[in-house]
Amino acid sequence: MNTPPRQLRESLAEYRSGWSLPQPFYTDPEIFALDRKHIWGKYWLYAGVVSEIPKPGDYFIYALGPDSVVIIRGDKGEVYAHHNSCRHRGSLVCLEERGHATTLVCPYHQWVFQKNGSLHTARLMPKDFDKKSHGLKPVHVQVVEGVIFISLSDNPPAFDKVAEDYARFLKPFRFESSKVALRERFELNTNWKLITENFRECYHCGPVHPEYCRAVIGANLTEAVDPTLNERMPEWADRGLETRNVQFEGSSFHLAVRYPLRPGVESYSLDGKAVSIPMGDHKDHNAGVTGLCMYPNFWMDAVSDYAWTMRVTPVAATRCIVDVMWLVDGKAVEGVDYDPKRVAEFWQITGGQDWDLCVNNLKGVQTSGYVPGPYSPGEVDLVKFADWYIDRMREVVTAEVIA
Ligand code: FES
Ligand code: FE
């Protein structure tokens, strides 16, 4: 029987719904180890999009703390995810973050694995060696309209509802044939929950994000959105664009919403003008914003002409890697239909403002003067997130006690 750390039990007892979390949830290494095991090791994680690996044998690695997952395209376009650990003596098999391989060859003693993970050859092993039971250990993978999710759990949470909801919102973008305009990676001294909190509220948008507020009506929380929304909704529905928004509720862990840009604004851009040709099935620049979020690591904000995705990966209680990607239509020609600098600049500026907020937030939370504070009415999604997280941690206490 394990004993949950005293810190966890005390912090759970201290938590009050409607207030930010007690300090150890943002800073304590033991609680972070439980986060890693019970949330990051269990829930579905956004890995990337299939257009990053267009050809059979194309692969990329998603490194999550000590874990390393190879995501590789199979011969018929299928997507496999394997633990990047050789079944001989455990060496990493793929050493590069991205690459192409007809077969995956372990650099240590050259065991050779197929794209589907099965062991193809194991040199100098006895004739009766059982190759069948020494394939790469599989990782659960789900592909929804070209977007790849994995779970490190042997028994991940049900994904049907997420897949169904996300498919309706994602389909028009045709991510399977999209094109990466730019990728950027940031390492931030912050806790992953502070990033989640920051990206679930717009209480800070008015004072901090002038560019974002120029693009999105109501982002400053002082303007009425409903007149614009009521005008756009029927237009979107008429054109077959999904308008049945999905909010976080109870134990659910995904959100999918459509909301309007400011009238006259075509895209997330500094001048409000389009920055690329409409993506996928979109015929114009009037689809508003498709916003997706899935705990604990996925955000997508997609406008008619590009999608911005954010993949958060914690490496310690107080450190995260943030991978950001900008995707445009697969037929868009760089230099003709789009300029990567122009596609990226809106979120480079807005994201940069957010990174500073998240880092400063942790610095203040780490001080001896920190006490949990009240969420504002504009931060209702943070109450939902904090409650969701605390419920998961309460489950941890039960699970660790009976383990
Ligand atoms: Fe991979 Fe030996 S560890 S072949
Ligand atoms: Fe922000």
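Below are the figures for this structure:
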{"quantity": "Whole-number percent relative contact order across the stretch 254-403, with pairs defined as alpha carbons under 8 Å at least 6 apart", "calculated": "17"}
{"quantity": "Where a label projected 7 Å from the Cα of Thr398 along Cα→Cβ would reach, residues of the stretch 3-47 with amide N under 20 Å", "calculated": "3-6, 8-17, 34-44"}
{"quantity": "GNM top mover of Val162, Val371, Val93 - the chain, alpha-carbon springs below 10 Å", "calculated": "Val371"}
{"quantity": "Two-site label geometry, Lys137 and Arg262: point separation in nm, points 7 Å out along Cα→Cβ", "calculated": "5.2"}
{"quantity": "Percent RCO, i.e. relative contact order, over the stretch 141-268, from Cα pairs under 8 Å lying at least 6 residues apart", "calculated": "20"}
{"quantity": "Ala237/Val180 FRET efficiency (R0 25 Å; Cβ-Cβ; nearest 0.05)", "calculated": "0.20"}
{"quantity": "Excluding exposed DSSP-loop trypsin sites (Lys or Arg not before Pro) (at most 15 other C-beta within 10 Å), longest clean stretch of the chain", "calculated": "128-238"}
{"quantity": "Simple spin-label estimate for Glu211 and Asp271 in nanometres, 7 Å along Cα-Cβ", "calculated": "1.5"}
{"quantity": "Cα centroid separation - the stretch 229-263 against the stretch 350-403, whole Å", "calculated": "26"}
{"quantity": "DSSP-defined beta bridges in the stretch 304-386 - what % are antiparallel, rounded to 5", "calculated": "90"}
{"quantity": "Nearest-0.05 FRET efficiency for Glu30 and His204, computed from C-beta distance (R0 25 Å)", "calculated": "0.25"}
{"quantity": "Choice from Thr228, Thr196, Thr318 with maximal GNM fluctuation in the chain (Cα, 10 Å cutoff)", "calculated": "Thr228"}
{"quantity": "Normalised contact order of the chain, rounded percent, pairs of Cα under 8 Å and 6 or more residues apart", "calculated": "20"}
{"quantity": "Using a Förster distance of 56 Å, the FRET efficiency for Asp387-Ser118 (Cβ separation, nearest 0.05)", "calculated": "0.80"}
{"quantity": "Choice from Ser267, Ser91, Ser151 showing the highest fluctuation, given a GNM over the chain with Cα pairs closer than 10 Å", "calculated": "Ser91"}
{"quantity": "Computed magnitude of the charge dipole of the chain (debye, nearest 20; Cβ of K, R +1, Cβ of D, E -1)", "calculated": "1360"}
{"quantity": "Unpaired by the 4.7 Å Cβ criterion, cysteines found in the chain", "calculated": "Cys94, Cys213, Cys293, Cys320, Cys358"}
{"quantity": "Cα→Cβ-extended label distance, 7 Å offset, between Lys331 and Phe129, nm", "calculated": "5.1"}
{"quantity": "Cα Rg over Rh - the chain, Kirkwood", "calculated": "0.98"}
{"quantity": "Violating pairs (Cα-Cα greater than 20 angstrom) within the set Lys42/Lys137; Lys42/Lys171; Lys171/Lys283; Lys37/Lys115; Lys55/Lys179; Lys42/Lys179", "calculated": "Lys42/Lys171; Lys37/Lys115; Lys42/Lys179"}
{"quantity": "Within the chain, helix-based [θ] at 222 nm, where runs of 4 or more DSSP H residues each add -39,500 (n - 2.57), nearest 500", "calculated": "-8500 deg cm²/dmol"}
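Coordinate-derived values only; no laboratory data. The model shown is predicted, which means the values in this text are computed figures rather than measured ones. Note: ideal-geometry Cβ built from the backbone for every residue, glycine included; neighbour counts use all protein chains shown.
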